[in-house]
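Data block below; observations after.
The values are calculated or read from the model by the stated rules, or taken from the named source; none is laboratory data. Just so it is clear, the structure is predicted and the values come from calculations on it, not from any experiment. Virtual Cβ from ideal backbone geometry, glycine too; neighbours counted across all protein chains shown. The protein model used for the area step is the full one, side chains on, heavy atoms only, and it has no ligands, DNA or RNA in it. Shrake-Rupley method; radii C 1.70, N 1.55, O 1.52, S 1.80 Å.
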Amino acid sequence: QVQLVESGGGLVQAGGSLRLSCAASGLTFGAYGMGWFRQAPGKEREIVTTITSSGGNKYYADSVKGRFTISRDNAKNTGYLQMNSLKPEDTAVYFCAVKPRARGYDYWGQGTQVTVSS
């Protein structure tokens, strides 16, 4: 019933841009915070960025500040990650997830591959 589906990943050259989407269903999307996470081969999963349910508060990891932008459209039940000035070290599987207030990220998408070539 609860489902998150990422899309928009692919292959891009260093310096290029990519926009990821996260389509949510089976829940009241506007009642949940949302985050984007990534995991590269041989590395631990790391947080990339998060956004509150209303979109009024955002957090970015230092490694992506100034390059990535998180947003959401609750009327469309969709979250987004705009990635600019991509670097090879951004290569990873990117996941979206949602959380209710005062709880963990209970629901996760299947992930989408982002590959940045040098």
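Springs between alpha-carbon atoms under 10 Å, Gaussian network over the chain: tell me which of Val98, Val48, Val64 tops the mean-square fluctuations. Judging by the Gaussian network model, the answer is Val64.
For the stretch 34-88, the alpha-carbon radius of gyration amounts to 1.18 times the rule-of-thumb value 2.2 N^0.38 Å expected for a compact globular protein.
Each of Ile47, Phe29, Gln1 was scored by the projection of its Cα onto the charge dipole of the chain, and the greatest displacement toward the positive side belongs to Phe29; charges sit on the C-beta of Lys, Arg, Asp and Glu.
Apolar share of the accessible surface for the chain: 46 percent from carbon plus sulfur atoms, 1.4 Å probe.
I'd like the GluC sites (Glu not before Pro) in the stretch 1-71 restricted to DSSP loop residues with at most 15 other Cβ atoms within 10 Å, sorted by number. The partial results should precede the final answer.
On the way: sites: Glu6, Glu44, Glu46; in loops: Glu44.
Filter output for the stretch 1-71: Glu44.
In order along the stretch 91-103, the Karplus-derived 3J(HN,Hα) couplings, from 6.51 cos²θ - 1.76 cosθ + 1.60 at θ = phi - 60°, round to 4, 4, 8, 9, 10, 9, 8, 10, 9, x, 4, 6, 9 Hz, and Gly and Pro are given as x. Taking all protein chains into account, the per residue accessible area for the chain stands at 53 Å² (1.4 Å probe). Would you tell me the accessible area of Asp106, worked out with a 1.4 angstrom probe on the heavy atoms of the protein chains, in Å² to the nearest 10? Asp106 exposes around 80 Å² with every protein chain in place. For the chain, a Kirkwood hydrodynamic radius built from all Cα pairs, placed in the Stokes-Einstein relation at 25 °C and 0.890 mPa s, yields a translational diffusion coefficient of 173 µm²/s.
Bridging of Lys43 to lysines at a Cα separation below 23 Å is possible for Lys65, Lys87, once same-chain residues fewer than 8 apart are set aside.
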